[in-house]
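Before any comments, here is the structure.
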Amino acid sequence: MELIASFQVDHTRIVPGIYVSRRDKVAGGWITTFDIRMKTPNKEPAVHPNAMHTIEHVVATYLRNSDFKDHVVYWGPMGCLTGCYFITNTENEIQPKDIEKLIRAAFKYQAAYTGEVPGATAVTCGNYLLHDLQIAKWEAKAFLAKTWKFTYPKAKRIAAKGKTFFDA
Ligand SMILES: [Zn+2]
């Protein structure tokens, strides 16, 4: 089996920000998968599953009600709990900077959110008790306070003396 593209990014050098994880050309446009990276992988604690689940619900609600809603394909957490995937469908190729304002607004909405978590009922969610709004708000604030990057660190795989490493 071939290692899929998203596993070929050097995760030891990723810092919080917005990155293009992949692009797929479809009839009439582009499907872009953005890596919304909230945490520095393997260096700071990942988001707690309960809080990440709440971020999934609240931020998805914001995005799917925004002016950008017709371009939203998917919003959801990464399995590693260090960020989320945001998949968009647009006529033209878009860049992380094109969605920065939207993502900041979505996380501001999460940071200030009060009331019931949308869709967190036994009828509308597969694990409705797995939520933590207070920690989700804290995590959203923490992400907004960070300096975001927008391009993956340039990495080149170098093989020497039987070892494989990355160099910029
Ligand atoms: Zn749910």
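Filter the strands (runs of 3 or more DSSP E) completely within segment 18-102 down to those with at least 3 residues that are of a type outside the set (F, W, Y) and touching a residue at least 40 places away in the same chain (Cβ under 8 Å).
Numbers: elements: 29-37, 72-77, 83-90.
Where strands (runs of 3 or more DSSP E) fall fully within segment 18-102 and carry at least 3 residues being of a type outside the set (F, W, Y) and touching a residue at least 40 places away in the same chain (Cβ under 8 Å), they are 29-37, 83-90.
Here is a check on your reading of the model: is A155 at pLDDT 95 or above, among the small types (G, A, S), in contact with a helix residue (DSSP H, G or I) (Cβ under 9 Å, 6 or more places away or on another chain) and surrounded by 11 or more Cβ atoms within 10 Å (Cβ to Cβ)? Don't jump to the end; show me each part of the working.
Details: at pLDDT 95 or above: no; among the small types (G, A, S): yes; in contact with a helix residue (DSSP H, G or I) (Cβ under 9 Å, 6 or more places away or on another chain): yes; surrounded by 11 or more Cβ atoms within 10 Å (Cβ to Cβ): yes.
For A155, the condition - at pLDDT 95 or above, among the small types (G, A, S), in contact with a helix residue (DSSP H, G or I) (Cβ under 9 Å, 6 or more places away or on another chain) and surrounded by 11 or more Cβ atoms within 10 Å (Cβ to Cβ) - is not met.
Kindly indicate whether T114 is within 18 Å of G17 (Cα to Cα) and more than 16 Å from the ligand (Cβ to nearest atom).
no
Hey, does segment 97-107 have a residue that's closer than 26 Å to N127 by Cα and within 16 Å of the ligand (Cβ to nearest atom)?
Taking every residue of segment 97-107 in turn, none turns out to be closer than 26 Å to N127 by Cα and within 16 Å of the ligand (Cβ to nearest atom).
Given the criteria surrounded by fewer than 10 Cβ atoms within 10 Å (Cβ to Cβ), assigned to a loop (DSSP other than H, G, I, E, B) and modelled with pLDDT of 95 or more, does T114 qualify?
So T114 passes the test.
Can you tell me which of G28, G17 is at pLDDT below 95 and more than 16 Å from the ligand (Cβ to nearest atom)?
Matching residue, one of G28, G17: G28.
Here's the yes/no breakdown for (1) within 11 Å of the ligand (Cβ to nearest atom); (2) surrounded by fewer than 21 Cβ atoms within 10 Å (Cβ to Cβ); (3) within 14 Å of the chain's Cα centre (by Cα):
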| residue | (1), (2), (3) |
| --- | --- |
| E56 | yes, yes, yes |
| N65 | no, yes, no |
| V72 | no, yes, yes |
| W75 | no, no, yes |
| L81 | no, yes, yes |
| T90 | no, yes, no |
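If T164 satisfies every condition in (1) at pLDDT 95 or above; (2) more than 21 Å from T33 (Cβ to Cβ); (3) of a type in the set (S, T, Y) but one, which is the exception?
Every listed condition holds for T164 apart from (1).
If you scan segment 2-17, which residues turn out to be of a type outside the set (D, E, K, R) and outside any strand (DSSP E or B)?
Scanning segment 2-17 gives L3, I4, A5, S6, F7, Q8, V9, H11, T12, I14, V15, P16.
Restricting the first residue to segment 114-138 and requiring it to be charged (D, E, K, R), which pairs with a second residue that is more than 10 Å from the ligand (Cβ to nearest atom) meet a Cβ separation below 8 Å and a spacing of at least six or different chains?
Filtered contacts from segment 114-138: D132/H48; D132/N50; D132/A51; K137/Q110; K137/A111; K137/A112; K137/Y113.
Considering only segment 118-144, how many residues are under 15 Å from V47 (Cβ atoms) and within 12 Å of the ligand (Cβ to nearest atom)?
2
Being among the charged types (D, E, K, R) and within 21 Å of V15 (Cβ to Cβ): is that true of K39 here?
Answer is yes for this residue.
The values are calculated or read from the model by the stated rules, or taken from the named source; none is laboratory data. Quick caveat: nothing in here was measured; it's all calculated off a predicted structure. With ideal geometry, Cβ positions are generated from the backbone for all residues, glycine too; neighbour counts draw on all protein chains shown.
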